[in-house]
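Have a look at the structure below before the remarks.
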2 protein chains.
Amino acid sequence: MARPENDDFLRALLREPTTRTPVWLMRQAGRYLPEYCETRKRAGSFLELCKTPSLACEVTLQPLARYDLDAAILFSDILTIPDAMGLGLYFSDGEGPKFERPLREEWAIRDLAAPDPYDHLRYVLDAVAEIRRALNNSVPLIGFSGSPFTLACYMVEGGSSDDFRTVKTMLYDRPDLLHRVLEVNAEAVTRYLNAQIECGVQAVQIFDTWGGALSHAAFREFSLAYIERVIEGLTKTRDGERVPCIVFTKGGGQWLEAIAACGCDAVGLDWTTHLGEARHRVGEKVALQGNMDPIALFASPEAVAREATRVLESFGGGMTGHVFNLGHGIHQHTPPDNVAVLVETVHRYVRK
Amino acid sequence: MARPENDDFLRALLREPTTRTPVWLMRQAGRYLPEYCETRKRAGSFLELCKTPSLACEVTLQPLARYDLDAAILFSDILTIPDAMGLGLYFSDGEGPKFERPLREEWAIRDLAAPDPYDHLRYVLDAVAEIRRALNNSVPLIGFSGSPFTLACYMVEGGSSDDFRTVKTMLYDRPDLLHRVLEVNAEAVTRYLNAQIECGVQAVQIFDTWGGALSHAAFREFSLAYIERVIEGLTKTRDGERVPCIVFTKGGGQWLEAIAACGCDAVGLDWTTHLGEARHRVGEKVALQGNMDPIALFASPEAVAREATRVLESFGGGMTGHVFNLGHGIHQHTPPDNVAVLVETVHRYVRK
């Protein structure tokens, strides 16, 4: 497994110099692309799309055909693990993901077990292999998983939530039960990411989408500690190449030093953090990924270029350790032409 | 205007020593109290409740009858200003506040003017006077307003939003227009808070509920700069007593140093920030208010007491400069008995 032709993304994650700033976008294969909507319609449903490797491969490649992106990311859902645990994932229109059997009873928590990815998540691994073949070593492929705590939020709430009342009540009332869920999740995430690495992904990202909803103390105890445990168990190199790991905690800017010390190679940041200050806080420890406000993509092409440049400038001089990205997933109503402007602006930018 | 009998809240805001930690709760007069729901039913609607001084006074006092709170807060809505500007505030069930005439056209923005609070917001000032009489100088009364940017969010979006797409697109595309809205809002908020002070409030809080949705750079330019302008224009003392000002930016923990330098006496913090670290970062500059996760009030009484104690301990030793509060408004489904446990725990706590 040699490095891909364009290895700027991997180099930036490993804090090696690059000639330009690499860029990819969270949720780059998604609903803002008309060709994605076409494929999804053909698939019949979002879950069918995730579970059919040839279709998952097709949508993974779509943004790379349009834009000069420096990495592909496996098309999948963060809830494949709880689905494989038997919680019964389904999508109800306009309400997001739901589980038929939310995890709330003590007996169900005691019975919870980490699924074997080669068994219940085979479709994801097949997609990884198929995408790698299709990419033909042009750019690296990123694998991913939700963090143990983020998965637990969905599992206990039974879907999305705006206050996380059920899972947080468990956290405050029965921390022992939540710790048990998180232990199983950490094992499941470790196995899942290692299987993705085994099948060909060249970097992994852990999406800690809801860690930022926790208090300072609870974040460390219930989210970061389990991310650390996952990273400890990860296959770090394959065929002599480092497989870098990115941790993205939405709303985690305040805890940057702690996150940077969790064993990851890079930290993803949302748009509330100043990249230059972040760099100063973490020093040489990790690379940084981010962090343009996804809503800036709704402005005029000139404003998109201006905001992207501001983000690039905020990182400061030197060409090592910055992967450009949005501070959150791209919005479904984003005008696709503005993404072309963004990618071009990032690639043309010359650091002082 | 002598200080109230119980002046712990004012003393803590001014960083004077107190014998116990003062406590009040954001949205303490609200739907979690059955007596509030009764009064609201009698009023006919939420807006009628806000606009009838005797009823606003009644609900302001309700939590003080139940709990040993150290301050009362004027019962009102943060959207009274845009309503007085003629945007047509209404509440549609289950969807939150809405405006009949959202502020989007350039001509409407040019025509926008700061209302005279003695004219269009008379009902708020009458409520302030009536509450002060009813409190009979037992505890201080807090006045409040939304921040210029937070008001602009509702005005431009036309209601609540989860991505602030409309107002942020204006920010990126036509910053000049948004600045014009914010200038008018800053003037309106200054006049409004000064009128509240004139009529008797003894401290004010600026709720910057949505400042945390902005990027690091945009927060300074579009939210904090206008909060600073408001504070510059505030009546700082009345009858020889300082009228302290609290700034609460939800999600603003990363920007604490900048917020603490805006001219306020105290900074409100949500639960993601460690109080002791915050104290270290701001030094002697300001008092701190906060910051228990409101969802902790859904746990058992023992867990509520445990979490409140953890928050108190996180502030560290010494009895100056901490006002206990939640990190956000109290949740409408909070069990009222847990609030009693919380207030008692805070008052009993002896700092090392």
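Read the figures in this text as sums done on the coordinates, not as results from a lab. Only a predicted model underlies this, so the values are computations on that prediction, with no experimental measurement involved. With ideal geometry, Cβ positions are generated from the backbone for all residues, glycine too; neighbour counts draw on all protein chains shown.
Laid out as a table, the results:
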| item | result |
| --- | --- |
| GNM result for chain B, Cα springs below 10 Å: residue of B:Pro17, B:Pro63, B:Pro244 fluctuating most strongly | B:Pro17 |
| Hypothetical label at A:Arg238: residues of the stretch A:1-37 whose amide nitrogen lies under 14 Å (7 Å Cα-Cβ projection) | A:1-4 |
| Ranking of B:Thr235, A:Thr18 by count of other Cβ atoms within 10 Å, fewest first | B:Thr235, A:Thr18 |
| Within the stretch B:187-304: Cβ-based charge dipole about Cα centre, in debye rounded to nearest 20 (Lys, Arg +1; Asp, Glu -1) | 140 |
| Förster radius 45 Å - calculated FRET efficiency between B:Glu257 and B:Tyr90 (Cβ-Cβ, nearest 0.05) | 0.70 |
| Cβ-based charge dipole, the protein assembly as shown, positive-most Cα from B:Tyr118, A:Leu87, B:Cys50 | B:Tyr118 |
| The stretch A:22-274, dipole about Cα centre (Lys/Arg Cβ +1, Asp/Glu Cβ -1), debye to the nearest 20 | 240 |
| For A:Ser160, label point 7 Å along C-beta direction: distances to other copies, nm | 1.3 |
| For A:270-278, mean number of other protein chain Cβ atoms within 10 Å | 4 |
| Contour excess over end-to-end distance, with Cα ends at A:Arg104 and A:Ser138 and 0.36 nm allotted per residue | 7.7 nm |
| Between helix A:175-199 and chain A: long-axis angle, C-alpha atoms, 0 to 90°, nearest 10 | 50 |
| Inter-probe distance in nm under a simple model that places probes 7 Å from Cα toward Cβ, at A:Arg122 and B:Glu16 | 7.5 |
| Length-normalised contact order for chain A - Cα pairs under 8 Å, 6+ apart - percent | 22 |
| Angle between chain A longest axis and helix A:301-315 axis [Cα atoms, degrees, rounded to 10] | 80 |
| Kirkwood Rh, angstrom, the protein assembly as shown [1 / mean 1/r, Cα pairs] | 26.6 |
| Cα-based radius of gyration of chain A once divided by 2.2 N^0.38 Å, which approximates compact folds | 0.94 |
| Isotropically averaged projected area of the stretch A:86-134, using the convex hull of Cα atoms (one quarter of hull area), nm² | 5.0 |
| Net +/- balance of residues flanking A:Arg101 in space, Cβ distance below 14 Å, scoring K and R +1, D and E -1 | -3 |
| Cα-based helix-to-principal-axis angle, A:122-135 vs chain A, degrees rounded to 10 | 10 |
| Test item: B:165-173 mean partner chain Cβ contacts at 10 Å | 5 |
| Pairwise label distance in nanometres, B:Ser54 with A:Arg281, each label 7 Å out on the Cα-Cβ vector | 5.3 |
| Too-long pairs where the Cα-Cα distance tops 19 Å, listed order kept, from A:Lys98/B:Lys98; A:Lys41/A:Lys98; B:Lys236/B:Lys285; B:Lys98/B:Lys250 | A:Lys98/B:Lys98; A:Lys41/A:Lys98; B:Lys98/B:Lys250 |
| Environment charge of A:Phe91, counting only residues whose C-beta is closer than 14 Å and scoring Lys/Arg +1, Asp/Glu -1 | -2 |
| Spatial separation of Cα centroids for the stretch A:318-352 and the stretch B:1-49, in angstrom | 47 |
| Translational diffusion coefficient (Stokes-Einstein; Kirkwood radius from C-alpha pairs) of the stretch A:65-220 at 25 °C, 0.890 mPa s, in µm²/s | 149 |
| Average partner coverage of B:48-58, which counts Cβ from other chains inside 10 Å | 0 |
| Fraction of antiparallel bridges per DSSP, chain B only, in percent to nearest 5 | 25 |
| Charge dipole (debye, nearest 20) of the protein assembly as shown; +1 at Cβ of Lys and Arg, -1 at Cβ of Asp and Glu | 800 |
| Per-pair calculated FRET efficiency, R0 = 25 Å: B:Thr320 and B:Asp68 via Cβ, rounded to 0.05 | 0.75 |
| For A:Trp210, A:Trp107, order by how many other beta-carbon atoms lie within 10 Å, fewest first | A:Trp107, A:Trp210 |
| Sequence of A:Lys236, B:Lys41, A:Lys352 once ranked by neighbouring C-beta atoms within 10 Å, starting from the fewest | A:Lys352, B:Lys41, A:Lys236 |
| GNM flexibility winner over chain B from B:Gly263, B:Gly200, B:Gly44 (Cα, springs under 10 Å) | B:Gly44 |
| Amide H contacts of B:Asp208 (H built 1.01 Å from N, under 5 Å, at least 5 apart or other chain) | B:Ser147, B:Phe248, B:Thr249, B:Lys250 |
